[in-house]
Amino acid sequence: MEGIGPPYSDKAARQGIRGEDILAPPRLRARLEMLAPRKNRELAYFGLPEISVEELLELAVKWRREIGARIVDAMPVVRAAIQANQRLLLEGQLGIMRGLDWGIYPFTTSSSPTAGGACVGAGIPPRELNEVLGILKTYVTSVGGGPFPTELHGVTGEKLRDIGHEYGATTGRPRRCGWFDGVALRYASWLNGFTGLAVTKLDILDTFKELKVCVSYRLDGEVIDYLPDTAGQERAEPLYEIWPGWLADTTSARSWDELPPHAQQYLRRIEELAGAPLRYVSVGPEREQLIVL
């Protein structure tokens, strides 16, 4: 019973405790007295110790003291900022393929990491979203289970993982790595309405003699250029274009013109597949290694 799954389940079942509830002790007690028996049955099922309402109320006193002043209604703050023409930046937690509604269900997170989800999560009208920046790597990575049509299982995948330091920041778990998937990019771009692209980790490909870009799948004998459902992705065979590598160090590049011609061609192909213009290209982890187009 860890992670964000249980809280999202409670939210959908209308049995959750909200942050504002800890600011109103009588309401909090009433909610806890109603929900504690149900939660204790779940804890008993997993062989875990039960909780008591009084214990939770004591914890709430501590939470109220430490973070109570930070629990506010965000709507007036966000609305005032938009009406004052201030800039709001929202970051999606995960990629579209882990989205609850449009991802590789059931191998997903519990929310919608789409541009549309930003409206629901932050209380912003859709018409006020004037830019959607798609952030992607020059290759594809994934953490956790589920279909991954362009995944590389051999030496090449290990090379991408090692050069790109593709290991979980918290768990250290190795990420699955694969060639760039243009089919998935088209899907993400359409659903989110990308107005621009930020392409990262170009430098990770500096030592690859050739690169592959998936532009379609073969599914049950048919060539398709769209993303099938989860079961279809499990059977899909990626069909690739082969692009020449640039075999040059890009980490010192600070402008588009300083990038090798083959790197420019590779990036323009990504731009074409997305149907959205390149805005940023990173050639390393430092701030100054971000090329602004």
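Before anything else, pin down the relative contact order of the range 5-72: Cα pairs under 8 Å, at least 6 apart, normalised by residue count, whole percent.
Value for the range 5-72: 35 percent.
Look at the alpha carbon pairs under 8 Å that are at least 6 residues apart: their mean separation over the length of the chain gives a relative contact order of 13 percent. In a fully extended conformation the segment linking R29 and R79 would gain 14.8 nm over its present Cα-Cα distance, using 0.36 nm per residue. Quick check: the angle from helix 261-274's long axis to the longest principal axis of the chain, C-alpha only, nearest 10 degrees? For helix 261-274, the angle is close to 50 degrees.
Once you reduce the range 187-216 and the range 40-104 to the center of their Cα atoms, the two points are 32 Å from each other. For the range 228-235, 3J(HN,Hα) computed residue by residue from phi via the Karplus equation (6.51, -1.76, 1.60; θ = phi - 60°) reads x, 6, 4, 4, x, 5, 5, 9 Hz, glycine and proline entered as x.
Restriction of the trypsin sites (Lys or Arg not before Pro) in the range 217-293 to DSSP coil positions whose beta-carbon has at most 13 other beta-carbons within 10 angstrom yields R254. Please name whichever of G47, I22, V72 sits farthest to the positive end of the charge dipole of the range 5-72, dipole taken about the Cα centre and charges placed at Cβ: Lys and Arg +1, Asp and Glu -1. Toward the positive end, the furthest listed residue is V72. Computing FRET efficiency as 1/(1 + (r/R0)^6) for L43 and R235, where r is the C-beta to C-beta distance and R0 is 45 Å, gives about 0.65.
Hey, what number do you get for the chain at 222 nm if only DSSP H runs of n ≥ 4 count, each worth -39500 (n - 2.57), divided across all residues, to the nearest 500?
Roughly -10500 deg cm²/dmol at 222 nm, from the helical runs in the chain.
Of the trypsin sites (Lys or Arg not before Pro) in the range 53-106, the ones in a loop by DSSP (not H, G, I, E or B) with at most 14 other beta carbons within 10 Å are R87. For C214, C119, the sequence from fewest to most other C-beta atoms within 10 Å is C119, C214. Put simply, the amide H of K212, placed in the peptide plane, has neighbours under 5 Å in F180, W243, leaving out anything fewer than 5 places away on its chain. Summarising the strand pairing of the chain, around 65 percent of its internal DSSP beta bridges are antiparallel.
Once C-alpha pairs closer than 8 Å and six or more residues apart are averaged by separation and normalised to the residue number of the range 158-293, the relative contact order reads 28 percent.
What is the calculated FRET efficiency for K62 to K209, with r their C-beta to C-beta distance and R₀ = 51 Å, to the nearest 0.05?
So, using R0 = 51 Å, E works out to roughly 0.30.
In a DSSP loop and with at most 10 other Cβ atoms within 10 Å, the GluC sites (Glu not before Pro) in the range 241-293 are E286.
No value in this document is a laboratory result; all are computed from the given coordinates. The shown structure was predicted, so the numbers you read here are calculated from the model rather than taken from an experiment. Counting neighbours? That spans all protein chains shown, and the Cβs are built from the backbone with ideal geometry, glycine included.
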